[in-house]
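Participant: Starting off with a structure, shown below.
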Number of protein chains: 2
Amino acid sequence: MDDKDLRTRIKEVAVAHFNDNGYHGTTIRNIAKDVGCSLPMIYYYYSSKKELFDEIIKKEFFDLVKRQAALSKNDDVIDLYTKFIYGLNHLSDYHRKVYRLGIKVYLTFDGDEELMNLMDEWEKGILPRHREILQPYIQNIPNGEAVVRTLVHLLETMIEKIVVKNHYLPKDEIREEIAIVLQGIARGGLS
Amino acid sequence: MDDKDLRTRIKEVAVAHFNDNGYHGTTIRNIAKDVGCSLPMIYYYYSSKKELFDEIIKKEFFDLVKRQAALSKNDDVIDLYTKFIYGLNHLSDYHRKVYRLGIKVYLTFDGDEELMNLMDEWEKGILPRHREILQPYIQNIPNGEAVVRTLVHLLETMIEKIVVKNHYLPKDEIREEIAIVLQGIARGGLS
DNA sequence: TCGTTTATTTAACGTTCGTTAGTATAGTAC
DNA sequence: GTACTATACTAACGAACGTTAAATAAACGA
């Protein structure tokens, strides 16, 4: 940990602090203390507290969710979503905190207007992405659009349970719930 | 608004501030300014910032969710849940903010350990309550327990969308999604 | 070896925070 | 009318905040 460059270590510690105490509850002094450097070093690498926070959200968080969104479309659709959610259980501690922090900002916690707009753009892309994935399955069923919405809603709660609330969700429970929503449109479900 | 007693008005303004800026981002001075009273009046009615925050969560929030949890069990089960979620669209501004603040604390935002424990207790009661409501319907189906879990997960996202994200969810969309999860166990579903 | 850039420090600036001491006003009981 | 209590204020305390100025140490090409 100590051989990483200081800039990176500052960011890692900052993620933990913003997570535990929110933006206003986090102090540059406490970050510096945990990093083990002096206070102005934070300002040597980041021009302000706000810039440090923004870099975490804009780079770390959005890079992470973009990577997460790259689902392997080869699988059966229930497998695909099960793997996606289950994989969150094994995120590294750092990435989990980044993810959690992003969700907090998304839920209008501490960010500012600019970050909220970025989040809204991101949110708007979620439903179309899953609609595309599910399109082959829902073409011929009457409430296909509602199924997509329901699945996305279910996924969001499970993501929150794992990433934000730190709960472990077993693979078969995840699969069961996804199968309940997708029952009727996908072959290979459990029930 | 001005004829209410000062103690109540302080609490109402505090709810708005804690909501917008989090615990640490909220200042007693700003609350006093918005209330239109002097700063020490806050301390006349509340012994500290923390006590003010705690009263909002412990009394206002838990009173609200207990009231919300009193579902009218006469209806068809899909009607029951649809009405429950749809009704959240019409919460008063104040109660919506109280609800939102509670959810933020629940998602480990700004609170302390004691409040988090209260929240965990509350969370533990959710699943059993819905299991009891759904019991007549799931007795004879193999994945009944998973259906309960899935429904609760779906409800949580919808609550968040309405209360935290301030989205309006139309009644028929709510009903559609609930019916998808409960399809097969309840008569009277849409699809 | 010297000059320059990079990395790091101590010390402090001005501001704002939560909180309180001290005081004034208004109503009420006797 | 006087003592008392509830309600309100002005002013200030000490502490902590984000941020910066100034100085020092290390690294490195010339």
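Participant: Could you tell me what % of all Cα pairs in the range B:1-46 have separations over 17 Å?
Facilitator: 23 percent
Participant: Across peptide A:174-182, how many C-beta atoms of other chains are within 10 Å of each residue C-beta, on average?
Facilitator: Details: counts 0, 1, 6, 10, 2, 3, 13, 7, 1.
Taking all residues of A:174-182 together, the mean is 5.
Participant: Give the whole-number value, in cubic angstrom per residue, of the convex hull volume spanned by the C-alpha atoms of the range B:95-191. It would help to have the intermediate numbers written out before the result.
Facilitator: Working: hull volume 10.3 nm³, N = 97.
So the per-residue hull volume is 106 Å³.
Participant: Could you grab the relative contact order for chain A? Cα pairs under 8 Å, six or more apart, rounded to a whole percent.
Facilitator: 23 percent
Participant: While we're on this one: Mind putting together the pair-distance distribution for the protein assembly as shown? All Cα pairs, 20 Å bins, whole percent per bin, short to long.
Facilitator: For the protein assembly as shown, the binned pair fractions read 26, 55, 19, 1 percent.
Participant: Please work out the C-alpha center-to-center distance from the range B:1-64 to the range A:41-101 and express it in whole Å.
Facilitator: Using only Cα atoms to place each centre, the spacing works out to 35 Å.
Participant: Multiplying the sequence separation of A:Lys171 and A:Tyr44 by 0.36 nm and subtracting their Cα-Cα distance, what value in nm do you get?
Facilitator: 41.2 nm
Participant: Over the range B:94-139, one equal point on each Cα, no solvent: what is log10 I(q)/I(0) by the Debye formula at q = 0.14, 0.19, 0.27 Å⁻¹?
Facilitator: The calculated log intensity ratios at q = 0.14, 0.19, 0.27 Å⁻¹ are -0.46, -0.68, -0.91.
Participant: Over the Cα atoms of the range B:108-162, what radius of gyration and what Dmax do you get, in Å?
Facilitator: For the range B:108-162, the Cα radius of gyration and maximum Cα-Cα distance read 14.0, 43 Å.
Participant: Right, another one. Which residues in the range B:121-146 place their backbone N less than 13 Å from a point set 7 Å from the Cα of B:Lys73 along the Cα-to-Cβ direction?
Facilitator: B:129-137
Participant: Work out from phi, with θ = phi - 60° and the Karplus expression 6.51 cos²θ - 1.76 cosθ + 1.60, the ³J(HN,Hα) of each residue of the range B:147-157, listed in order in whole Hz, and give x for Gly and Pro.
Facilitator: 5, 4, 4, 5, 4, 4, 4, 4, 4, 4, 5
Participant: Compute for chain B: radius of gyration divided by Kirkwood radius, i.e. Rg/Rh, restricted to C-alpha atoms, rounded to two decimals.
Facilitator: 1.05
Participant: Okay, next question. Too long at a 27 Å Cα-Cα cut-off: which of A:Lys49/B:Lys104; A:Lys161/B:Lys66; A:Lys97/B:Lys11; B:Lys50/B:Lys124; B:Lys33/B:Lys97?
Facilitator: Over 27 Å apart, Cα to Cα: A:Lys97/B:Lys11.
FYI, it's all coordinate maths here, none of it is from the lab. Please read these numbers as outputs of a predicted model, since none were measured by experiment. Positions of Cβ are backbone-derived with ideal geometry, glycine not excepted, and every protein chain shown enters the neighbour counts.
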